[in-house]
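Asker: This is the structure, below, for whatever I ask next.
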Amino acid sequence: MDAFNLVPWIILFPVIGLVLNAAIGRRIGERGSALIAIAASAGSLVISVMQYLALSAHPEGAVVYLADWIGIGALNVPWAFRVDTLSVTMMLVVSGVGTLIHIYAAGYMHFDVRYKEDPGSYARFFVYLNLFIAAMMILVSGDSYLTLFVGWEGVGLCSYLLIGFWYQRNPDGNKGIMNSLAAKKAMLVNRIGDFGFLLAVFMIFWAFGSLNFDEVLPHAETVAPWVIMFITLAMLLGVTGKSAQLPLYVWLPDAMAGPTPVSALIHAATMVTAGVYLVARSAPLFAAVPAAQTTVAFVGALTAFFAATIAVGQYDIKKVLAYSTISQLGFMVAAVGMGAFVAGMFHLVTHAFFKALLFLGSGSVILALERAHHVQETLSNPKHKKKGHTHFDPQDMRVMGGLRKPIRLTFWVYTIGALGLAGIPPLAGFFSKDEILADAWIENPLVFLLLIAAAFLTAFYVGRQLLLVFFGSPRSQPADKAVESPAIITIPLIALAALVVIGGLINLPGWHPFTNWLAHTLGEELAEPTEFNFFVALLATVFALIAFYLAWIFYGRTPLAEKQVDPLKQRLGRVFTGMENKWWVDEFYAWLIVRPYKRFAGFLADTIDWKFLHDWVHDSAVVNTFRWFARFLANPVDLGVIDGIANGLAKSATGLARGLSFFQTGFVRNYALVTFLGVVIMLGYLVFSS
Amino acid sequence: MVPVSYYFALSAILFALGALGVLIRRNAIIIFMSVELMLNAANLLFVAFARMYEALQGQIYVFFVIAVAAAEVAVGLAIIVAIFRTKKSIDIDEMSSLKG
């Protein structure tokens, strides 16, 4: 049981790492600061593995109390860690994938900071990355909704910081503020979701009188259904924000402005799955209200399908993966919405593997092109007369092609990740996606239809991406001269590829170790093993293969040539334009919310604030009233009353003095006479009065 | 033996003369002398009473009064000399510059 008491170190290690890097990171050089960060993340991983081992012996888990945090009246929130099978699953994913990505980033950022001409930012990157690990660990290990919320906001902050990491640039590398705008967008959209989550937290406290999981979750039955309904739907709003679901998903594609390791760690593998974790953690609440569950399932399924259609029409290698992430998160949310909490968590884990692999692979591809481009620029412009590079977007798949040969290792691991994503057996994605589909097949046919369509589109855009990037012939000079990334980048890729290959084992049909593992936390009835549905598995696989074949027809048989229009566009026409332009959702939001809001803000600023408050209230009403009052105080009050009193006092004093000075004749004999008379009078009084 | 009332009368006459002198005369020296006259009127009364009651205290008071009067005269004359040096006069009506 001692191992459980070590659990605070999963947060302390990254915190120590980030403090060290923040303090001395710039002085100890890239190697030192990367080592500190990796060690911090690896420390977390070691502790997480120890928790796992301890849990294997004591599967009931433990609550490790650290300190009192908030105690106000009935509200008592200690800072406690919850070690159970669900939280340790998340800890392992976060620290495991996180450590691999730290190692990858140590190599990737070495180039990135140079291409962005800001080598001093290297340590800053790892400070943020460790901060993220710490915040994510707080999120998954917290024992109450409030500690979870602290982590929730913490990862949101890290997401914001890392999306805007190159805040002085545009996503294409030129100077500009688009990255900052993307970061701001992520922050603002998440605010809407966080508002929902906060409402849910308030409502939970109102209904249950506590925020600790142990005092909330077992009592879901005792609270009125409409309250639970409200809580779960408000929570769903939080989930749509953090986990990028309809209608709040719009920030995630823009979040690709962050460096690629960030996209892999935060915007694919871990942070965006926080919503799924939240629903799984609150499983008893959701299980109590089927209507909310259905809503969640449909939100997830619609997102899965909708985002998949957009992914088909993207040209940016990372944008495809971003929409794919949204789509896959839709799968998870749909799964937890249908009550298939285990399937959702299973997909979360495998998705963390293959999507991290794909993002890191895309980073390797981008880096290969950037390095080739850099070499080419240096050769053609040896004296660096021109500052910076000529315009070249290394993320555009239209300038890639034929990368299979120059970056062979990246190609192979990328293919494994892509096949995993497409759900080709026996890779990890097949098992987890199939479990979700099998559940949908039983639970909700409409959701099943949406999901299988999304799965079909997934296989199609994955095939399209593979063919556009790696096959055919190079469509630009850098693509022709691409160079494979160094070992520090490829080794994490290989490790992740291995995880994608064997990841399905953790919940193999018929054996279900992951289901049994999570059943310790979720309870037997919420973690029922899903029967392997051979028909569904076959259907999904066949669909995936058909999609691959279709992708090959469009992009493989006759590879895309330089500057050629996407062949799918000729076939689909307007529909493809819609996909290409993300169905104009951003424009729709701009029309529906942003522009009216700006107009409203402008109205408030110009009319209410400036014209009314400033010009009228301040400059006219307040100022004139004040002037009148000041004049009143100055003239009648000050001059009349105050000065009158002062002058009157002085005048009366001089008058009195003048009167008295009459007696001061200066003649001694006068005074003597007065004294004499005085004595006579006094004596007379004394003599005659007695 | 002269009755005590005679002394009273003489003392009252002397005191009245002294007071009148202080009030009427303008010469500082004369005023001083008048003050002395008043003091001695009081002294006469003291000794008269001392004999009447056959008590010694009255006589002792007289000694004190004489001593104090001597000291007063010393100080007073010094002041008058100082004034005379600046004003070339001892007319006290000319010494009225402190009037209001």
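The values are calculated or read from the model by the stated rules, or taken from the named source; none is laboratory data. On a predicted model such as this, the values are computed, not experimentally measured, just so you know. Positions of Cβ are generated from backbone atoms using ideal geometry, with glycine treated the same way; all protein chains shown enter the neighbour counts. Surface areas here come from the heavy atoms of the whole protein model, side chains and all, with no ligands, DNA or RNA. Shrake-Rupley method; radii C 1.70, N 1.55, O 1.52, S 1.80 Å.
Asker: May I ask for the longest run of chain A untouched by trypsin sites (Lys or Arg not before Pro) that are loop-located per DSSP and have at most 14 neighbouring C-beta atoms (other than their own) within 10 Å?
Answerer: A:28-382
Asker: Explain nothing, just the number: relative contact order of segment A:224-313, from Cα pairs under 8 Å at least 6 residues apart, as a whole percent.
Answerer: It comes to 36 percent, rounded to a whole number.
Asker: Just to check I understand the Karplus step: with θ = phi - 60° and J = 6.51 cos²θ - 1.76 cosθ + 1.60, what whole-Hz values come out for segment A:502-509, glycine and proline as x?
Answerer: Ordered by residue, 3J(HN,Hα) equals 9, x, x, 4, 5, 9, 5, x Hz.
Asker: Helix-only mean residue ellipticity at 222 nm, chain B, DSSP H runs n ≥ 4 weighted -39,500 (n - 2.57), per residue, nearest 500. What is it?
Answerer: -28000 deg cm²/dmol
Asker: Here's another thing I want to ask about it. Using a simple spin-label model with points 7 Å from Cα along the Cα→Cβ vector, what separation in nm is obtained for B:Ser97 and A:Ser380?
Answerer: 10.9
Asker: Determine the gain in length on full extension of the stretch A:Arg627-A:Tyr315; use 0.36 nm per residue of separation and subtract their C-alpha separation, reporting nm with one decimal.
Answerer: 105.8 nm
Asker: Here is a follow-up. Note the angle between two axes, namely the Cα long axis of helix A:445-470 and the longest principal axis of the Cα atoms of chain A, as a number of degrees from 0 to 90, rounded to the nearest 10.
Answerer: Orientation of helix A:445-470: about 80 degrees from the principal axis.
Asker: Normalised by the residues of chain A, what does the relative contact order come to in percent, with Cα pairs under 8 Å and at least six apart?
Answerer: Relative contact order for chain A comes out at 11 percent.
Asker: Let's see if you can work this out: charge +1 on each Lys and Arg Cβ, -1 on each Asp and Glu Cβ, no other charges. What is the dipole magnitude of chain A about its Cα centre, in debye to the nearest 20?
Answerer: Magnitude of the dipole: close to 2940 debye.
Asker: Can you compute the modelled spin-label distance between A:Ala453 and A:Trp591, with each label point 7 Å from Cα toward Cβ, in nm?
Answerer: Taking the two extended label points, one gets 2.2 nm.
Asker: Can I ask one more? Please name whichever of A:Val88, A:Ala368, A:Trp152 sits farthest to the positive end of the charge dipole of the protein assembly as shown, dipole taken about the Cα centre and charges placed at Cβ: Lys and Arg +1, Asp and Glu -1.
Answerer: Positive-most Cα among the choices belongs to A:Ala368.
Asker: Which FRET efficiency value, to the nearest 0.05, is calculated for B:Ile30 and B:Arg85 with the Förster distance at 22 angstrom and r the Cβ-Cβ distance?
Answerer: Once rounded, the FRET efficiency stands at 0.70.
Asker: Average partner chain C-beta neighbours within 10 Å, per residue of B:15-27?
Answerer: Across B:15-27, the average partner-chain Cβ count within 10 Å equals 2.
Asker: Here's something else I'd like to know. Given 37 °C and 0.692 mPa s, how large is the Stokes-Einstein diffusion coefficient of segment A:581-690 in µm²/s, with Rh as the Kirkwood radius over Cα pairs?
Answerer: 145
Asker: Give me the number: length gained by fully extending A:Thr675 to A:His614, i.e. 0.36 nm times residue separation minus the C-alpha to C-alpha distance, one decimal in nm.
Answerer: 14.3 nm
Asker: Tilt of helix A:121-141 relative to the longest C-alpha principal axis of chain A, in degrees (0 to 90, nearest 10)?
Answerer: Around 90 degrees separate the two axes.
Asker: Using only the alpha carbons of segment B:1-56, what is the convex hull's orientation-averaged projected area in square nanometres?
Answerer: For segment B:1-56, averaging the hull's shadow over all directions gives 3.9 nm².
Asker: If I take the Cα coordinates of segment A:430-482 and project them onto the principal axes, what are the three extents in Å, biggest first?
Answerer: 52, 19, 12 Å, listed from the longest principal axis down.
Asker: Hey, what number do you get for chain A at 222 nm if only DSSP H runs of n ≥ 4 count, each worth -39500 (n - 2.57), divided across all residues, to the nearest 500?
Answerer: Result for chain A, helices only: -22000 deg cm²/dmol.
Asker: Compute and list, largest first, the equivalent-ellipsoid semi-axes of segment A:271-320 from the alpha carbon gyration tensor, each √(5λ) rounded to a whole angstrom.
Answerer: 29, 14, 4
Asker: Ok, one more. Please state, rounded to one decimal and in Å, the Kirkwood hydrodynamic radius that segment A:136-282 gives when every pair of distinct Cα atoms enters the mean of 1/r.
Answerer: Value: 15.7 Å, from the Cα pair sum.
Asker: Next question. If you build the Cα gyration tensor of segment A:155-230 and take the root of 5 times each eigenvalue, what three semi-axes come out, in whole angstrom, biggest first?
Answerer: 40, 11, 7
Asker: P(r) for the protein assembly as shown: what percent of alpha-carbon pairs falls in each 20 Å bin, starting at zero?
Answerer: Result, from short to long distances: 14, 36, 16, 5, 5, 11, 10, 3, 0 percent.
Asker: Also, I was wondering about something else. List, in order, the whole-Hz ³J(HN,Hα) value for each residue of segment A:427-433 obtained from phi through the Karplus relation with A = 6.51, B = -1.76, C = 1.60 and θ = phi - 60°; use x for Gly and Pro.
Answerer: These are the phi-based 3J(HN,Hα) values: 6, 4, x, 4, 5, 6, 5 Hz.
Asker: Under 26 Å Cα-Cα from A:Lys433, which lysines qualify once same-chain neighbours fewer than 8 residues away are excluded?
Answerer: Excluding near neighbours in sequence, the set is A:Lys242, A:Lys318, A:Lys319, A:Lys355, A:Lys582.
Asker: Let me ask another. Other chains near B:88-99: what is the mean number of their Cβ atoms within 10 Å of each residue's Cβ?
Answerer: 3
Asker: Let me ask something else. Quick one: accessible surface of A:Ile506, probe radius 1.4 Å, all protein chains present, in square angstrom to the nearest 10.
Answerer: Surface open to solvent at A:Ile506 totals about 60 Å².
Asker: Of all the stretches in chain A, which is the longest one without any exposed loop site, taking GluC sites (Glu not before Pro) in a DSSP loop (any state but H, G, I, E, B) with at most 14 other Cβ atoms within 10 Å?
Answerer: Result for the longest clean stretch: A:118-523.
Asker: What do you get for Rg/Rh over segment A:237-286 if you use C-alpha atoms and the Kirkwood form of Rh?
Answerer: 1.04
Asker: While we're on this one: Roughly what percent of Cα-Cα pairs across segment A:38-77 reach past 13 Å?
Answerer: 68
Asker: Also, I was wondering about something else. Amide H of A:Leu246 versus every other amide H placed in the peptide plane: which residues, excluding those fewer than 5 positions away on the same chain, fall under 5 Å?
Answerer: A:Thr303
Asker: Once you place label points 7 Å from the Cα toward the Cβ at A:Leu660 and B:Ser5, how far apart are they in nm?
Answerer: A separation of 4.8 nm, rounded to one decimal place.
Asker: If you line up the long axis of helix A:341-380 against the longest principal axis of chain A, both from Cα atoms, how many degrees apart are they, to the nearest 10?
Answerer: Relative to chain A, helix A:341-380 is tipped by roughly 90 degrees.
Asker: For segment A:379-536, what is the convex hull (Cα atoms) projected area averaged across all directions, in square nanometres?
Answerer: That works out to 13.1 nm², a quarter of the Cα hull's surface.
Asker: Please identify every one of the chymotrypsin sites (Phe, Trp or Tyr not before Pro) in segment A:503-554 that sits in a loop by DSSP and has no more than 16 other beta carbons within 10 Å of its own beta carbon.
Answerer: Counting only loop positions with at most 16 other Cβ atoms within 10 Å, the chymotrypsin sites (Phe, Trp or Tyr not before Pro) in segment A:503-554 are A:Trp511, A:Phe532.
Asker: Counting only Cα, what are the radius of gyration and maximum Cα-Cα distance Dmax of segment A:612-672, in Å?
Answerer: Cα only, segment A:612-672: 24.6, 82 Å (Rg, Dmax).
Asker: Over the Cα atoms of segment A:202-340, what is the Rg over Rh ratio if Rh follows Kirkwood?
Answerer: 1.04
Asker: Okay, moving on. Just to verify a number: what accessible area does A:Asp396 come out at with the full protein assembly present, 1.4 Å probe, Å² rounded to tens?
Answerer: Accessible area, nearest 10 Å²: 30 Å².
Asker: Using only the alpha-carbon atoms of chain B as identical scatterers, what base-10 log of I(q)/I(0) does the Debye formula give at q = 0.21 Å⁻¹?
Answerer: Result of the Debye calculation: -1.05.
Asker: Continuing with this model, one more query. Using a 10 Å cut-off on Cβ to Cβ distances, tally the other chain neighbours for every residue of A:655-667 and report the average as a whole number.
Answerer: Shielding by partners across A:655-667 averages 3.
Asker: At a Förster radius of 45 Å, what calculated FRET efficiency corresponds to the Cβ-Cβ distance of A:Asp2 and A:Arg408, to the nearest 0.05?
Answerer: 0.45
Asker: If you wrap a convex hull around the Cα atoms of segment A:1-101, how much volume per residue is inside, in Å³?
Answerer: It comes to 110 Å³ per residue, whole-number rounded.
Asker: Along the three principal axes, how long is segment A:55-184 when you take its alpha carbons, biggest first, rounded to the nearest angstrom?
Answerer: Principal extents (largest minus smallest coordinate, Cα): 52, 38, 20 Å.
Asker: If you stretched the chain out fully between A:Trp584 and A:Phe532, how much longer would it get, using 0.36 nm times the residue separation minus the C-alpha to C-alpha distance?
Answerer: Full extension of this stretch gives 14.8 nm more.
Asker: A further question on this structure: At a threshold of 8 angstrom on Cα-Cα distance, excluding pairs fewer than six apart, so keeping six or more, what relative contact order does segment A:1-158 reach in percent?
Answerer: 31
Asker: Okay, which of segment A:613-629 sit inside 18 Å, backbone N to the point 7 Å along the Cα-Cβ direction of A:Asp638?
Answerer: Answer for this model: A:623-629.
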